[in-house]
Amino acid sequence: MLRLGIVGLPNVGKSTLFNAITRAGAAVANYPFCTIEPNVGVVAVPDERLQWLAALHHPEKVTPAHIEFVDIAGLVRGASRGEGLGNRFLSHIREVDAIVHVVRCFDDTDIVHVDGATDPVRDIETIHLELVLSDLEFLDRRIEKLRKASKSGEARILEELETLGRLRVHLDAGRTARSFPERDDPAVSELPMLSSKPVLYAANVPEPEAAGSHSPYVEAVRRVAEEENAEMLVISARIEEELSQLDADERALFLAEMGLPDSGLDRMIRAGYHLLGLVSFLTAGPTEVRAWTIPAGTRAPAAAGSIHSDFERGFIRAEVVAFHDLKACGTMAAAREKGLVRSEGRDYVMQDGDVVLFRFNV
């Protein structure tokens, strides 16, 4: 299951947003370190394709894909040295697939800012620096261990030492591991570096700015995201909080009144999938209609293995139809008549929205 860690400085709206998107009731209070242990909530991935397939097959159950959100306590300057219980908080980040970095883009004298005033770029740099400093501490231990081992003269160890030496210089300049030019080198990519985590910036704005007319604060976050080639979205934690208390019809009406095409949660999930290069394929029948999440570029046997290892081990072929073709035809039989249901072999690369039946033999 995909795990997204929600991070940021204290009092930027992290827990309010977490409550809204998970309805898990995480504590929210106007003082730093309200969140100490990470709150965890599992959210179904909205997918209208599942509902259409369910109407077609009338299955016993419908199973969407899921995302786990982890509300990690607010970090502060000095977290890498243990300030604000920072070492515990940093360890929680190590366990997630990607970071949702909530950035305060509003002024409110009633909500204390730990650094005195709103400044999105400074706030982002504070988080970056603490992750980098934690990585440097870890990297120094790794380098020292390699130095001792390098006395053997083994070429592989010496090459790794040189690479990590360059990485250390990069980090020491305050730059993140994900911006390191050699980040795909196994000596680097296999290290559990906090600052190598993919990042989605969530600019938390007041309600009137949710649908447009953004402040300079938002544009500052956008520039940072563009420089890092990161994902970024504008979201109002307060609006998401209100949406979480409405039923489906009321939510649609409220979004229309606000001039929003969809919820911040829906946009966050899409951005998270894009950030991590994930797609979904679908299986459908009278027993179950289900969405399965896989990395983009996954071949058919490995996709079958995400359902059950026997499917991959005994893979014969995949019977595949694109969802939009199936919907246009109305039924699987009609799609077959038009030649839109294809028989694909072991080299087929799965596409987002493929509706598939795997044939296998063990």
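Read-outs: derived from the displayed coordinates by stated rules, not from any lab. In this text the structure is predicted, and so the values were computed from the model without any measurement. Here Cβ is always computed from backbone atoms with ideal geometry, including for glycine, and neighbour counts include all displayed protein chains.
See the values below:
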| quantity | calculated |
| --- | --- |
| Stokes-Einstein diffusion coefficient of the chain, Kirkwood radius over Cα pairs, 20 °C, 1.002 mPa s, in µm²/s | 94 |
| Residue list for segment 128-160, given a label point 7 angstrom along the Cα-to-Cβ vector of Ile111 and an amide N cut-off under 17 Å | none |
| Listed residues Arg238, Arg147, Arg166, most fluctuating in the chain (Gaussian network, C-alpha, under 10 Å) | Arg147 |
| Farthest positive-ward along segment 121-254 dipole, Cα basis, beta-carbon charges - from Ala220, Phe180, Leu243 | Phe180 |
| Dipole magnitude of the chain about its Cα centre (Cβ charges: Lys, Arg +1; Asp, Glu -1), debye to nearest 20 | 1280 |
| Residue-averaged 222 nm ellipticity for the chain, from DSSP H runs of 4+ at -39500 (n - 2.57), nearest 500 | -12000 deg cm²/dmol |
| Loop-located trypsin sites (Lys or Arg not before Pro) in segment 279-350 whose Cβ has at most 14 other Cβ within 10 Å (DSSP) | Lys338, Arg346 |
| Alpha-carbon Rg/Rh ratio, for segment 208-362, with Rh computed the Kirkwood way | 1.09 |
| Gaussian network model of the chain, springs between alpha carbon atoms under 10 Å - residue of Glu228, Glu154, Glu288 with greatest fluctuation | Glu154 |
| 27 Å Cα-Cα reach of Lys14 towards lysines, excluding residues that sit fewer than 8 places from it in its own chain | Lys197 |
